[in-house]
Amino acid sequence: MTVYEHLLKARETYQAGYMVLIDPDARPIKETAEFARVISRAGADAILYGGSLITDEGFTDKLIALHEASDIPVILFPGSIGQVTSHVDAILYISVISGRNPNLLIGEHVTTAIQIKRSGVETIPTGYMLVESGKVTTAEFISGTRPLPAHKPELALAHALAGEMLGFKILYLEAGSGAERPVPNAMISTIKKYVRIPVITGGGIRTPETAREKVLAGADFIVTGNVLEDSNNTDLLEAFVKAVHGE
Ligand SMILES: CC(C)=CCC/C(C)=C/CC/C(C)=C/CC/C(C)=C/COP(=O)(O)OP(=O)(O)O
Ligand SMILES: O=P(O)(O)OC[C@@H](O)CO
Ligand SMILES: [Mg+2]
């Protein structure tokens, strides 16, 4: 089964799937591996690994260790092409379709396409849409793009439809890591009314209740990052799994 099929299966089995983003800079190697073990045992559906800005030299060593420790797929969520690696089960092959930066729409992909093809790693074509969420986020600043206005669901819908028509297999509605406000429910529900490909949303989701709201608005996958970064809070992880899966 491909990782994409695994995600679709999670989506069929539950109301929505739950993924946890591991920041490559957040913990030392042993703790990173232990965190991956805790995440997979809590019942999450996949682990995302990556960041907008990496400052730690242990990027690959940590990835190898956490991959070994995890029973669920590990998916690269690259903040830059320097993070492209074959030590993952799949790569979110992101094109930043909310922006007009040609490098993040197609340029970086051309640069890495042959390397990725040779490695044989699965790619999941992902239409990545940054949404305005209060303060400027790292992803917004680093990508050098303007996010979609949060109060314009129809503008977001036009981007989502264009992404679907271009053949992306999944959309990522991103408020940005640590966002003040997550992607609005109205934007998610408007997109889900017309778009058939699955929708991931993340950024600024700090409670299981908020995650649940996004699922009820129609999100197919929920991502959390920062809220679990400070401790291996198994209770909170399990509460997120429950709220997202709808059990
Ligand atoms: C698929 C390939 C090869 C390239 C695609 C083109 C690229 C690199 C797009 C990157 C777009 C981008 C900025 C994505 C964000 C990635 C990410 C993992 C963000 C996670 O959060 P951080 O912004 O690191 O949050 P913190 O500041 O909380 O650490
Ligand atoms: O760290 P948080 O705010 O949970 O965001 C996670 C993810 O959507 C960032 O790409
Ligand atoms: Mg980071």
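The values are calculated or read from the model by the stated rules, or taken from the named source; none is laboratory data. Given the structure is predicted, the values throughout are model-derived calculations rather than measurements. Note that we place each Cβ from the backbone using ideal geometry, even for glycine, and neighbour counts take in every protein chain shown. Only protein heavy atoms, including side chains, enter the accessible area calculation; ligands, DNA and RNA are left aside. Shrake-Rupley method; radii C 1.70, N 1.55, O 1.52, S 1.80 Å.
Assorted remarks:
- Surface share of carbon and sulfur [accessible, 1.4 angstrom probe, percent] for segment 3-245: 53 percent
- Between segment 107-153 and segment 177-214, the C-alpha centres lie 17 angstrom from each other.
- Sparse-neighbourhood loop sites, GluC sites (Glu not before Pro) in segment 29-103 - DSSP loop, at most 15 other Cβ within 10 angstrom: GLU57
- Radius, Kirkwood style, for segment 3-245 when every pair of distinct Cα atoms is counted (Å): 17.7 Å
- For segment 3-245, the per residue solvent-accessible surface stands at 45 Å², with DNA, RNA and ligands left out and a 1.4 Å probe.
- Calculated FRET value between ASP235 and ARG11, using beta carbons and R₀ = 30 Å, to 0.05: 0.75
- Candidates ASP220, ASP56, ASP89: whichever shows maximal mean-square fluctuation once the chain is modelled as a Gaussian network with Cα springs under 10 Å: ASP56
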